[in-house]
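A.B. asks: Have a look at this one.
The values are calculated or read from the model by the stated rules, or taken from the named source; none is laboratory data. Just so you know, these numbers come straight off a predicted model, no measurement behind them. FYI the Cβ positions are ideal-geometry reconstructions off the backbone, even for glycines, and counts take in every protein chain you see. Just so you know, the surface numbers come from the protein's heavy atoms only, side chains and all, with ligands and any DNA or RNA stripped out. Shrake-Rupley method; radii C 1.70, N 1.55, O 1.52, S 1.80 Å.
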There are 2 protein chains.
Amino acid sequence: MYARRLLSKPLLARRLVPQTTRVARLNVSRAALVRGYAQDVVRDPMTGELTSLPDIDPARLHVIRTSKPKVPPPAKTLVFGHTFTDHMLVIPWSQTTGWQAPQIRPYGPLSLEPSVTVLHYAQTLFEGMKAYRDENGKVTLFRPDMNMKRMNKSAARIALPTFDADALLDCIKTLIRLDAHWIPQEVGHSLYIRPTLIGTQRAIGVNPPNEALLFVICSPVGPYYPTGFKPVSLMATTEYIRAAPGGTGGYKLGANYAPGVVPQKEAAKLGYSQNLWLLGPEHYLTEVGTMNLFVALKKDDGSAELVTPPLDDVILPGVTRDSVLALARDHASGKNPIKGLPKSLTVSERPITMKEVKEKAQSGKVIEVFGTGTAAIICPVERIGYLGEDITIPTGEAGIGDIAKGLLGEIVGRQMGTIPSDWSVVVSE
Amino acid sequence: MYARRLLSKPLLARRLVPQTTRVARLNVSRAALVRGYAQDVVRDPMTGELTSLPDIDPARLHVIRTSKPKVPPPAKTLVFGHTFTDHMLVIPWSQTTGWQAPQIRPYGPLSLEPSVTVLHYAQTLFEGMKAYRDENGKVTLFRPDMNMKRMNKSAARIALPTFDADALLDCIKTLIRLDAHWIPQEVGHSLYIRPTLIGTQRAIGVNPPNEALLFVICSPVGPYYPTGFKPVSLMATTEYIRAAPGGTGGYKLGANYAPGVVPQKEAAKLGYSQNLWLLGPEHYLTEVGTMNLFVALKKDDGSAELVTPPLDDVILPGVTRDSVLALARDHASGKNPIKGLPKSLTVSERPITMKEVKEKAQSGKVIEVFGTGTAAIICPVERIGYLGEDITIPTGEAGIGDIAKGLLGEIVGRQMGTIPSDWSVVVSE
């Protein structure tokens, strides 16, 4: 583990998982237990009392439809995250009442006192997921259980309330069904879903907030590659970090994003599309912009290795990252061979340094480099600027290598329903 | 430099200061130039054009008084940050119009669309400063120029708009004068001022926001030590970090605070008041909770050394930290001897490890440890939990050591006007 050099042993020995699990279970209500959302009877660890505060309850969902529905703009005019649908989901929480009745209401401003903690201390976390419409009009989500699980882990990390993941997903599905006509019909388009959870205590102490607000907004989005693949260039950033061991890089918190804007501007000024985030004096590769990172290498025996940094508290557990790993492993084992991927393939979650990437690129042993994320799915890399030099990465004539293209096809097929998969979750038939 | 072990040389070689300075000057308007707020003619570095967007302009300040003034609650009922005064200052900014007219209006909720970037990406920063009322009724601020300067540096670090520091301070003074009757008359009480700047772009891309909102709210607060000094115990945290080199710990950003809440809860569960934040495998001491840290040591030659970690991107440049350093140096040089401080004193901004603190404590060479911040001013430490053991720190019978007490008296004297000083800035006579 490369983190060992940076960290004390106690940090490595202990992970947040046990605490997260316990906190998550604390907030499971009796109603959820009855519905089968949780197996165990949940008791307060301090008093032994049954936890009695209500969890999110889809049965209490109240829908207020807009009286002024908007006309969705033409798909070709869409800019990511600028257009929002007619409705939003809002679920308030307080320390004394637990999760209150979910409400779907017309999209519109929130009224927040200037003292609310999210505005001062970054008590915010979010998720990004997409709803797709297949050729038959069926609407689906891609592995939404992964987003809900991660959202609860993020909440526990910054002392925001956790919740019944299935119950929130139920409410989100209702919202998507209501605004399903906002999903553009055009190929490659989708509805981007943004669940957000903020601390809304009206007092400027740095504490677990006594009030919170969960809201979900939806934005129709166009394809990431409207005019064919466009590989990106990366600036390997040695002046700024995205995350460090003991920090919050492994959680989808707002706090991880604001600090990346200036480094991104600086990379752009130097002619690069994104930051390649490094770690430590060894310059371990961690992430790319807001994406996970994969490097495909030629091994000495002629076989190939697909490398991504291991999950720890500097790497976000991306849903696309997990999907790529699963697909690559099923290819490697022969369970589900994928066209374009090397026949003999090792899939590795291991540390990888800039030294290794540079040396292997120079000796022609870097096959491909790509980022993975909800927006682009797979994003090929053609160039890495590192300590004043450019490292060229092969991308092929089409602007995307065979491995990236093969994996992209497998994921898009499962998202759009052309490849049957339990990763695809039906929202409406 | 201890950072050297954790970091690549380019990070050490480059500091944000030059860029920050340039960005800050870019936003200085012609109006500000005329008023003498800036010395240089400011041109856009790209086009050579004079920058024409308006900066904050106190002459445009519009005051809307509340029609329902509240009665300030009894001073003894005050809880930090729960009570706010009748008015707040609000200054919107947009990329196209620059800083708009400042407005003082009745304290009340902000209307924010759910898409605004502060709610998703932690585009927020703040300051904390106090207004004091002296025995003659004069209202003063303590070194507010330091807060304004730091606020601009924070803004530049996360691509929020910078501003004319003197102009904002002018507007804040007007707000304080309007609500001056909220400053409790009781000794040790003050009005806590919270300037905040948030990104309010109504689109969920991770970019420099095209809209922002600066607001200032005020909260009457009681004394930190209502019933005599109370030294705190620290949990030296080896599992979590507050900041790391290349990150944002040296800036007063919201993003630095949410991640500290769970570690604080865990420290409290183990019986400690605050986290002592460490860095790297060497366990360098960095900060205490939300305060800077000082350690007073006996040297082998019988003299004393007052140590605080050097300013870099993991240490917040605290106003009280700077004041303590200045006072201690003036004592050491003989310019202004302070009662209680050792006659022979070296003042050091240098790295200090837990190993050193532990060894020196065991051999009776730790004189005192204390935190410094706007809230407590000086906060004595009596105990540090470290890797399962407790290190006892002397605090004396009064719960505060002579050095901490001497420095505290000097700062409080300058805040309350009993010691004349140019650190004290008059708001109203």
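A.B. asks: What is the number of the single condition among (1) over 24 Å from the mean Cα position of the chain (by Cα); (2) open to solvent by 10 Å² or more (accessible area, probe 1.4 Å) that A:Val347 does not meet?
C.D. replies: For A:Val347, the exception is condition (1).
A.B. asks: Which of the residues spanning region B:170-199 are in a helix (DSSP H, G or I), open to solvent by 10 Å² or more (accessible area, probe 1.4 Å) and farther than 29 Å from A:Ala258 by Cα?
C.D. replies: The answer is B:Lys173, B:Thr174, B:Arg177, B:Leu178, B:Ala180, B:His181.
A.B. asks: Going through region A:130-159 one residue at a time, which ones are of a type in the set (Lys, Arg) and out of contact with any Lys or Arg (no Cβ under 7 Å at 6 or more places or on another chain)?
C.D. replies: The answer is A:Lys130, A:Arg133, A:Lys138, A:Arg143, A:Lys149, A:Lys153, A:Arg157.
A.B. asks: Right, here's the next one. I'm trying to understand the selection: among the residues of region B:121-142, which are part of a loop (DSSP other than H, G, I, E, B), more than 13 Å from chain A (Cβ to nearest Cβ) and of a type outside the set (D, E, K, R)?
C.D. replies: Of everything in region B:121-142, those that are part of a loop (DSSP other than H, G, I, E, B), more than 13 Å from chain A (Cβ to nearest Cβ) and of a type outside the set (D, E, K, R) turn out to be B:Asn136, B:Gly137.
A.B. asks: Now, a different point. At pLDDT below 95, among the β-branched types (Val, Ile, Thr), over 30 Å from A:Thr248 (Cα atoms) and over 14 Å from the mean Cα position of the chain (by Cα): is that true of A:Val187 in this structure?
C.D. replies: When the stated conditions are applied, A:Val187 passes them.
A.B. asks: Let me ask another. From the list B:Ile419, B:Ile338, B:Ile378, which one is in a loop (DSSP other than H, G, I, E, B), under 30 Å from B:Arg177 (Cβ atoms) and of a type in the set (Val, Ile, Thr)?
C.D. replies: The match here is B:Ile419.
A.B. asks: Does A:Trp99 qualify as being aromatic (Phe, Trp, Tyr) and either under 30 Å from A:Gln185 (Cβ atoms) or open to solvent by less than 20 Å² (accessible area, probe 1.4 Å) (or both)?
C.D. replies: yes
A.B. asks: While we're on this one: Within region B:58-120, considering only strands (runs of 3 or more DSSP E) that don't extend past its boundaries, which have at least 3 residues that are within 27 Å of the chain's Cα centre (by Cα)?
C.D. replies: B:87-94, B:103-106
A.B. asks: If you don't mind, there's one more thing I want to ask. For region B:323-335, give me the residue count where each residue is open to solvent by 20 Å² or more (accessible area, probe 1.4 Å), part of a helix (DSSP H, G or I) and over 18 Å from B:Ile367 (Cβ atoms).
C.D. replies: Total meeting the criteria: 2.
A.B. asks: Let me ask another. Which numbered condition trips up A:Glu239, out of (1) touching a residue at least 60 places away in the same chain (Cβ under 8 Å); (2) assigned by the TED database to the domain that holds A:Thr374; (3) in contact with a Lys or Arg (Cβ under 7 Å, 6 or more places away or on another chain)?
C.D. replies: Result: A:Glu239 fails condition (1) only.
A.B. asks: On the basis of being closer than 23 Å to B:Thr374 by Cα and either touching a residue at least 40 places away in the same chain (Cβ under 8 Å) or surrounded by 17 or more Cβ atoms within 10 Å (Cβ to Cβ) (or both), does B:Ser115 make the cut?
C.D. replies: No, not satisfied.
A.B. asks: To continue, here is another question. For region A:258-281, name all the residues that are farther than 16 Å from A:Arg383 by Cβ, touching a Leu at 6+ places or on another chain (Cβ under 9 Å) and open to solvent by 40 Å² or more (accessible area, probe 1.4 Å).
C.D. replies: Scanning region A:258-281 gives a single hit, A:Pro281.
A.B. asks: Please go through region A:309-353 and give me each residue that is touching a residue at least 60 places away in the same chain (Cβ under 8 Å) and among the aliphatic types (A, V, I, L, M), ordered by number.
C.D. replies: Across region A:309-353, the qualifying residues are A:Leu311, A:Val314, A:Ile315, A:Leu316, A:Val319, A:Val324, A:Leu327, A:Ala328, A:Ile338, A:Leu341, A:Ile352.
A.B. asks: With the structure loaded, tell me whether A:Phe84 is modelled with pLDDT under 95, within 14 Å of chain B (Cβ to nearest Cβ) and either touching a strand residue (DSSP E or B) at 6+ places or on another chain (Cβ under 6 Å) or open to solvent by less than 10 Å² (accessible area, probe 1.4 Å) (or both) or whether it fails that test.
C.D. replies: Taking the combined requirement at face value, the residue does not satisfy it.
A.B. asks: Have a look at A:Ala156, A:Ala167 and point out the one that is in contact (Cβ under 8 Å) with a residue 12 or more places away in the chain, more than 14 Å from every other protein chain (Cβ to nearest Cβ) and either assigned to a strand (DSSP E or B) or touching a helix residue (DSSP H, G or I) at 6+ places or on another chain (Cβ under 7 Å) (or both).
C.D. replies: Step by step, each of A:Ala156, A:Ala167 is checked, and only A:Ala167 is in contact (Cβ under 8 Å) with a residue 12 or more places away in the chain, more than 14 Å from every other protein chain (Cβ to nearest Cβ) and either assigned to a strand (DSSP E or B) or touching a helix residue (DSSP H, G or I) at 6+ places or on another chain (Cβ under 7 Å) (or both).
A.B. asks: Just give me the residues in region A:282-322 being within 14 Å of chain B (Cβ to nearest Cβ), charged (D, E, K, R) and open to solvent by 20 Å² or more (accessible area, probe 1.4 Å), in sequence order.
C.D. replies: A:Glu282, A:Asp312, A:Asp313
A.B. asks: When B:Phe215 is evaluated against the numbered criteria (1) on the phi < 0 side of the Ramachandran plot; (2) out of contact with any helix residue (DSSP H, G or I) (no Cβ under 7 Å at 6 or more places or on another chain); (3) more than 10 Å from chain A (Cβ to nearest Cβ), which criterion, by number, is the only one it fails?
C.D. replies: Result: B:Phe215 fails condition (3) only.
A.B. asks: Scanning for something surrounded by fewer than 24 Cβ atoms within 10 Å (Cβ to Cβ), modelled with pLDDT under 95 and hydroxyl-bearing (Ser, Thr, Tyr), does region A:226-245 turn up at least one residue?
C.D. replies: The answer is yes, given that some residue of region A:226-245 is surrounded by fewer than 24 Cβ atoms within 10 Å (Cβ to Cβ), modelled with pLDDT under 95 and hydroxyl-bearing (Ser, Thr, Tyr).
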